[in-house]
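These notes are about the structure you will find just below.
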Amino acid sequence: MLIIGFCESMKGVFVSQFKQIFEISDSSIGFMFSISVFGYIISTYAGGILCSRFGQKKILIFSTMIIGVSYLIMSIAPTFTILLISVFITNIGTGLQAISVNSISPILFVTYGTILINLTHFFYGFGVSISQKFSGYMILKNYTFRDIFFINSGLMLVSILFIIFIKFPRVEPITIQLNIYKTLKNKLVLLFIFAQGLYVFSEIGFLNWFVNFAQTSYDFTIDKATHYSAIFFLVFTLGRLTGGFVVHRLGIKRSMITYLSMSLILFWSGYLFKSNFIILISLSGFFFSIIFPTTITMIGETFKENTSYIMGLILSFVSIINMLMNSLMGILSSSLSPYIAFSLIPIALSLSLLFYANIFKKIETL
């Protein structure tokens, strides 16, 4: 999870390099993020079925190999088209990886599930936090995205070696009883899709667009922009380290509503009060921390049968929302301004809170 977080979160830092080297606009960057999410959509849906049939370990090894190869292609990409293809392949692997890890977690962590699942995702956040400062530093030292993604391909090999020696619990292959149409008739499934989809866009939107937003809106240098980005993911990581214990103590409902509300207050304040208060956006990362892993726990507890399939289906539609919102952000950034486009993040977070509130109305036992 540390290696995944470190490697997966760098594209946003390299936006300015992509634009300069390939002579493209913000709308092209938005398309790149959208096409990458499209790969994620396909693989998370298929991943739920594949994990049910072949087991999480085999799918995790296969997906990590795909990502390693895609990073190698990215490091030598001569055109923006080749870059797009490699990013698409990366997210095919990332989606398979995500469903493997997230669907095995409720099986691994029966006792103290919220604590241990949050700790598992803590290492992902820790990797993201390191990557922001590392990639900003490497850019200052005149390294390009090609150099960094070549290094990342090697890290994927290291990751495979770790996975091979992990003992996974034995999960019997099952035949999927549900289909997409019947599953989507369940109102709770739809609420999870919109609640998590809007939240995920908020997190990924920050990761993809913050550095570009800070550079274009406030004339920040790459070092200064990645400094604030790194703070966001540092406190995000600390939140994941402690968040599981908070959820265990306060309960899922109270913890989720409190953290989402605080993230909104800080993010809106940092956005509306502009550059002098941009640190508030960074500090909001602490309250982003528990939302995704705790939602994974909720899905595992709510849908006890065909969990991998339903989780894969939810994550696929979550990715569709993320893809559409990222596309809209790229369009608004080009046609209006990066500052106006960035407001989509706190708006999406506000809507996400409303959907989570509706979920808790329907699940009173959590």
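Odds and ends about this structure:
- Tally of residues being open to solvent by 60 Å² or more (accessible area, probe 1.4 Å) and at pLDDT below 80 across region 180-219: 2
- Breaking point among (1) at pLDDT 85 or above; (2) within 22 Å of the chain's Cα centre (by Cα); (3) more than 30 Å from E301 (Cβ to Cβ), for I67: (3)
- Where a residue in region 70-91 is acidic (D, E) and its partner, wherever it lies, is open to solvent by 20 Å² or more (accessible area, probe 1.4 Å) and at pLDDT below 90, with Cβ under 6 Å and at least six apart: none
- Each residue in region 121-172 was checked for being assigned to a loop (DSSP other than H, G, I, E, B) and either closer than 18 Å to I4 by Cβ or among the hydroxyl-bearing types (S, T, Y) (or both), and 5 of them qualify.
- Boolean, K19 is under 28 Å from A214 (Cα atoms) and at pLDDT below 80: no
- Filter result for the condition that a residue is aromatic (F, W, Y) and free of Cβ contacts under 8 Å to residues at least 12 places away in the same chain, over F267, F245, F277, F233: F277
- Candidate set from region 224-240 (those that are of a type in the set (S, T, Y) and under 8 Å from S282 (Cβ atoms)); member that is farthest from the chain's Cα centre (by Cα): Y228
- Single unsatisfied condition, A357 versus (1) open to solvent by 20 Å² or more (accessible area, probe 1.4 Å); (2) within 23 Å of L272 (Cα to Cα): (2)
- For region 19-61, a tally of residues being buried (at least 18 other Cβ atoms within 10 Å of the Cβ), without any contact (Cβ under 8 Å) to a residue 60 or more places away in the chain and over 19 Å from M325 (Cβ atoms) returns 3.
The values are calculated or read from the model by the stated rules, or taken from the named source; none is laboratory data. Only a predicted model underlies this, so the values are computations on that prediction, with no experimental measurement involved. Cβ sites come from the backbone with ideal geometry, for glycine too, and all protein chains shown count toward neighbours. Accessible surface is based on the protein model in full, side chains and every heavy atom, while ligands, DNA and RNA are left aside. Shrake-Rupley method; radii C 1.70, N 1.55, O 1.52, S 1.80 Å.
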